[in-house]
Structures are given as structure tokens and as C-alpha cells.
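The values are calculated or read from the model by the stated rules, or taken from the named source; none is laboratory data. Computed from a predicted model, the values in this text were never measured in an experiment. FYI the Cβ positions are ideal-geometry reconstructions off the backbone, even for glycines, and counts take in every protein chain you see. Side chains are part of the model used for accessible areas, which takes the heavy atoms of the whole protein and leaves out ligands, DNA and RNA. Shrake-Rupley method; radii C 1.70, N 1.55, O 1.52, S 1.80 Å.
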Amino acid sequence: MKRLLLVLFVLSTKLSFAQIAVAYVTADQAVQALLGPGVTYANPVFTGVAQQLGQMTGNTNTNFQIAEGIVLGCSDAQEIVPNFLGTAITPNISGDPDLLSVANSVPPLIGQTFTVGSVNNIASLEFDFIATGTTLSFNYIFGSDEYLTWVNSQYNDVFAFFLSGPGITGPYASPAGFPGGAVNIAIVPQSAPPLPITISSVNNVLNIPYYVDNATDAVPISLNGFTVKIAAEHELECGQTYHIRLAIANGSDQALKSDVIIEAG
């Protein structure tokens, strides 16, 4: 009996060490974690409630393909940790026209007619950086508790990865120093025309290979469903300065969390 108890204690200890953890971070800490060493960046800004930005560590489950990363959430970033009770997110930050445009661009692309009336609980992280190569590449996972009940409805939670800078002309807003506008590079891989990442564009019916159903909590992360690891990529001009804005929001309401986890380094 003592040996059995010792074995159970060791196993439980190992499991506790393997559990996902999320710690709140500042905008500067988040950018440092995302870029890693050797990349020059400036002007990191987070817009949202402080608890919506965190750093995830401790994942060892290969079915959730990011071990460490930065969490942007529509609610408390720590709520991706199973059994975390969470804290209230107030005030509600809403009204981003670019995110609303991205969310409403999806229905006609997938043969639907729903409309997202507003975007709420917005969390965004932005910064400038100097390109050290000719290709930008970030890996991320988008997940939501809107799955699967609210797919193809007005509650179309959305994530966007806005990029602006030399050689880029896009329809979305960009800072004054980047007058060409921004493009959204958070899209379903190989989609033509580009299909933005929302709960209605990746699920158990559409773009199935990119979707993981977690309704039974088989993967130890508190999201009903999530994408596989997806790369956001774009060509750059080496040595030039670019601007990134990562942004996530609830569609039409303030209920049920959605999160994006961007891989560190």
C-alpha cells in the first residue's frame, strides 16, 4: 500500500509539473518572448484589460502543438488553464472597424448570410520591428468556446494579424509611418481568395484538417475547439521596418472566450 501511494504521489507530481500555466505579462515582455533574441523592435503597445495578455508555459501535450507562447484572449488569458475560475474583464473594449470588417468578410466566402453586429472584448498587441530576413513567419493556434454551437452565426469570433510596411498595400488601417495600409495574414492556409481565421471558417465541417474538437477536454487546455498550428507568413524587405498588430475579439456579444496562442521565439 505504501509503495502504491508513493507511485501515485510521484505520478501526480509529474502531472502537476506538466500542466499548462499562464502568467500575465506586459506588452514589452510579450514582444520579447515572441521575437526572441537578435530582432530589433520598438513601440510595443497592448490595448485591452491587463488580464487579457499572458505567457503560456508548461504544455507537453503534442495534440496542442505549441509548448510556449503568448496568449491574447477575449477574456482572462489564464482561462485556457483547466479549472481556472477567471476574473471579470471590464471595461469592454469594442468598436474596431478592421476586426469587424474581417469578421463580416467571412460569410460570403463560405456561402453564409449571417452578419456580425459588433466586435467586443478586444485585445490587441502591436509593435514595430526591423526585418532580419526576407520572410515573416509566426505560428499560432486560434481556439474558442463558441465551438461548435455558434458556428455560422452572428457570434463569429475573429482573430487578425495585421501587417504593414514597405512593399505592402492593404485595406486595413496602419500607423502614420506606414501609409500603405495593412494586410491580414491570419488566413486559412492555401485559401483562395484568402479566408480569415474565425470560428466559422475553421471547424468540423469547413477546413476540417485544421480543426481539433476538444469538447470532451481530451487535450488539457480549456477550449472547446481549436485550430492546429498555423503559420502566418509574408514576404519582407530585409533591413526595413514593419508594423504588426495582433488582434482578437468576440463577435456580436461579450460571452464565451476565444483565444489565440502565438508561439514564442
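Descriptive notes on the structure:
- Of the strands (runs of 3 or more DSSP E) lying entirely inside the stretch 171-236, the ones with 3 or more residues being in contact with a strand residue (DSSP E or B) (Cβ under 8 Å, 6 or more places away or on another chain) and buried (at least 21 other Cβ atoms within 10 Å of the Cβ) are found at 225-227.
- Selected residue (criterion: most open to solvent (accessible area, probe 1.4 Å)) from residues of the stretch 84-108 that are farther than 17 Å from residue 54 by Cα and not in a helix (DSSP H, G or I): 91
- Identity of the residue in the stretch 124-170, free of Cβ contacts under 8 Å to residues at least 40 places away in the same chain and under 19 Å from residue 186 (Cα atoms), that ends up farthest from the chain's Cα centre (by Cα): 169
- Test: residue in the stretch 237-253 that is farther than 27 Å from residue 134 by Cα and among the acidic types (Asp, Glu): yes
- Answer residue from the stretch 124-164, given it is open to solvent by 10 Å² or more (accessible area, probe 1.4 Å) and of a type in the set (Gly, Ala, Ser) and is farthest from residue 113 (Cα to Cα) among those: 133
- The selection criterion, being in contact (Cβ under 8 Å) with a residue 60 or more places away in the chain, more than 22 Å from residue 250 (Cα to Cα), assigned to a loop (DSSP other than H, G, I, E, B) and open to solvent by less than 40 Å² (accessible area, probe 1.4 Å), holds for residue 59.
- Residues of the stretch 237-255 that turn out to be out of contact with any helix residue (DSSP H, G or I) (no Cβ under 7 Å at 6 or more places or on another chain) and either surrounded by 20 or more Cβ atoms within 10 Å (Cβ to Cβ) or polar (S, T, N, Q) (or both), as a count: 11
- Test for residue 112: is it open to solvent by 10 Å² or more (accessible area, probe 1.4 Å) and closer than 28 Å to residue 28 by Cβ: no
- Looking at 222, 191, 201, just one residue is over 27 Å from residue 59 (Cβ atoms) and of a type in the set (S, T, N, Q), and that residue is 191.
- Residue match in the stretch 17-27 (condition: hydrophobic (A, V, I, L, M, F, W, C), assigned to a helix (DSSP H, G or I) and open to solvent by less than 50 Å² (accessible area, probe 1.4 Å)): yes
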